[in-house]
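Trainee: Dropping the structure in here first, questions after.
Values in this text are rule-based calculations from the coordinates and carry no lab data. Just so it is clear, the structure is predicted and the values come from calculations on it, not from any experiment. Virtual Cβ from ideal backbone geometry, glycine too; neighbours counted across all protein chains shown.
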Amino acid sequence: MTEKAKRDSKIKIRTKYPQTEKLCNAYVICAIDLGTTFSGISYCVAFEPPDDAAPGEGLKMDILTIGADSNLQTNQLKSPTILVVSSEFEERYTIGAGAYQRAIWEKTSYIVQDFKMELDVLSRRQKEGEVLLRNTKVKLYCVDPSVSPLEWPLSKVFIKYLEVCRKLATTRILSHTESTGVRGVTANDINWVITVPAIWTDQARIFMREVAEKAGFLSPYSALI
């Protein structure tokens with residue numbers, strides 16, 4: 001069996017229609033817009049109507065957008081691009097405005113934001129000369145100003161942020177498909193798109209691809225664009 005045939009067989013799912021339940025193909029695409037200041041997640045679930053659908057009934061699509069925020073109850077379409085690490089010794093990761101507000105209350109958390117600016121290699125070269133993203137480090141500042149900041153590789157910050165985005169998106173997509181009657185969708189059925197500015201260098205594009213793969217966006221049955 002070819003890889004395409006394997007994938008096609010994997011995404012055969014059930015969808016509910018009035019008085020009937022038929023097998024159909026569903027395609028799930030999720031795009032993550034990781035912005036310098038704000039980030040968002042959009043997804044589309046598209047599926048074909050059953051064989052006994054009304055004449056002319058075409059492809060059905062559900063399209064929704066949510067903020068990249070660990071607080072899934074938020075109604076904002078975008079949320080501040082912030083990664084919060086619970087503490088130096090117990091690393092739990094959350095993102096967005098809700099995570100930031102909780103961090104302020106807990107006092108022991110570390111916060112990093114504006115980290116996407118480090119991928120602007122062209123601007124950094126004017127000040128720093130040669131820039132190697134794999135060697136770039138960023139500081140995570142504790143809410144308590146008396147505590148020294150942590151220093152992490154830039155790649156680790158991106159990986160942890162994208163991991164949270166992937167988990168949030170997967171949770172929302174699976175909940176949505178279940179609530180709308182689409183059956184059998186798994187995390188492996190989601191095809192991912194991560195936005196990359198056109199002005200970025202090849203080094204920055206390759207960096208984003210590598211951290212996205214390490215964050216779990218690639219599976220045998222899905223695509224990463």
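Trainee: Taking amide H atoms as placed 1.01 Å from N in the peptide plane, list the residues 5 or more away in sequence, or in a different chain, whose amide H sits under 5 Å from that of Lys137.
Mentor: For Lys137, whose amide H was placed from the backbone, the distant partners under 5 Å are Leu154.
Trainee: Another question, then. Listed here are the pairs Lys107/Lys127; Lys116/Lys167; Lys60/Lys214; Lys60/Lys156; Lys127/Lys167; Lys60/Lys160; which of them are more than 31 Å apart at the Cα?
Mentor: Values: Lys107/Lys127 34 Å; Lys116/Lys167 20 Å; Lys60/Lys214 33 Å; Lys60/Lys156 38 Å; Lys127/Lys167 37 Å; Lys60/Lys160 34 Å.
Violating the 31 Å limit, Cα to Cα: Lys107/Lys127; Lys60/Lys214; Lys60/Lys156; Lys127/Lys167; Lys60/Lys160.
Trainee: Continuing with this model, one more query. Filter the trypsin sites (Lys or Arg not before Pro) in segment 67-161 down to the DSSP loop ones having no more than 14 other Cβ atoms within 10 Å, then list what survives. Present the calculation step by step, with values, prior to reporting the outcome.
Mentor: Working: sites: Lys78, Arg92, Arg102, Lys107, Lys116, Arg124, Arg125, Lys127, Arg134, Lys137, Lys139, Lys156, Lys160; in loops: Lys78, Arg92, Lys107.
Those satisfying the criteria are Arg92, Lys107.
Trainee: Continuing with this model, one more query. Using per-residue counts of other Cβ atoms within 10 Å, averaged over each peptide, order 142-153, 187-198 from highest down.
Mentor: Details: 142-153: 12.9, 187-198: 16.8.
Listed from highest to lowest mean packing, they are 187-198, 142-153.
Trainee: Here's another thing I want to ask about it. Quick one: what are the phi-derived ³J(HN,Hα) couplings along segment 144-161, Karplus 6.51/-1.76/1.60 with θ = phi - 60°, whole Hz, x for glycine and proline?
Mentor: Running phi through 6.51 cos²θ - 1.76 cosθ + 1.60 with θ = phi - 60° gives 7, x, 7, 9, 5, x, 8, 10, 10, x, 4, 4, 5, 4, 5, 4, 5, 5 Hz.
Trainee: Among the GluC sites (Glu not before Pro) within segment 73-137, which fall in a DSSP loop and have no more than 14 other Cβ atoms within 10 Å of their own Cβ? If you can, show how the numbers build up before the last one.
Mentor: On the way: sites: Glu88, Glu90, Glu91, Glu106, Glu118, Glu128, Glu130; in loops: Glu88, Glu90, Glu91, Glu130.
In loop regions of segment 73-137 (DSSP not H, G, I, E or B), the sparsely surrounded GluC sites (Glu not before Pro) are Glu88, Glu90, Glu91, Glu130.
Trainee: Right, next: Calculate, axis by axis, the spread of Cα positions in segment 145-195 along the three principal axes, and write the results as whole Å, longest axis first.
Mentor: Largest to smallest, the principal-axis extents are 52, 23, 16 Å.
Trainee: Oh, and also: Compute the separation of the alpha-carbon centres of segment 133-150 and segment 172-206 and state it in Å as a whole number.
Mentor: 29 Å
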